[in-house]
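S.K.: I am attaching a structure below and will ask some questions about it afterwards.
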Amino acid sequence: MSDIQWQKSSYSADAEGNACVELAHAPGAAVLLRESDDPDVIISTTPAALRQLMERVKAGGFDDMADR
């Protein structure tokens with residue numbers, strides 16, 4: 001998977017120790033996600049599932065978990 005081009009948010013700084021979620025397109029229709037501070041752990045999802053997750057996050061669907 002070394003030929004995968006990972007992207008991170010433009011809001012993420014490049015400072016040392018600044019971990020963030022990175023996304024990439026996989027062959028086919030999959031979307032790959034990884035944490036920049038643990039790049040060997042990669043999960044795969046579909047664009048539709050990722051879109052649903054992002055909609056729920058933006059709507060505050062996980063706000064009750066912030067204090068945990």
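S.K.: Taking the residues in the stretch 51-68 that are of a type in the set (A, V, I, L, M) and either assigned to a loop (DSSP other than H, G, I, E, B) or in contact (Cβ under 8 Å) with a residue 24 or more places away in the chain (or both) as candidates, determine which candidate is surrounded by the fewest Cβ atoms within 10 Å (Cβ to Cβ).
M.R.: This residue is A66.
S.K.: Restricting to the stretch 30-45, name every residue that is part of a loop (DSSP other than H, G, I, E, B) and exposed (fewer than 12 other Cβ atoms within 10 Å of the Cβ).
M.R.: Result: D37, single match.
S.K.: Restricting to the stretch 18-29, count the residues that are in a strand (DSSP E or B) and either more than 24 Å from D3 (Cα to Cα) or of a type outside the set (A, V, I, L, M, F, W, C) (or both).
M.R.: Of the residues in the stretch 18-29, 2 are in a strand (DSSP E or B) and either more than 24 Å from D3 (Cα to Cα) or of a type outside the set (A, V, I, L, M, F, W, C) (or both).
Laboratory data are not the source of any read-out in this text; all were calculated from the coordinates shown. Because the structure is a prediction, the values reported are computed rather than measured. Heads up, the Cβs are rebuilt from the backbone with ideal geometry, glycines too, and the neighbour counts pull from every protein chain shown.
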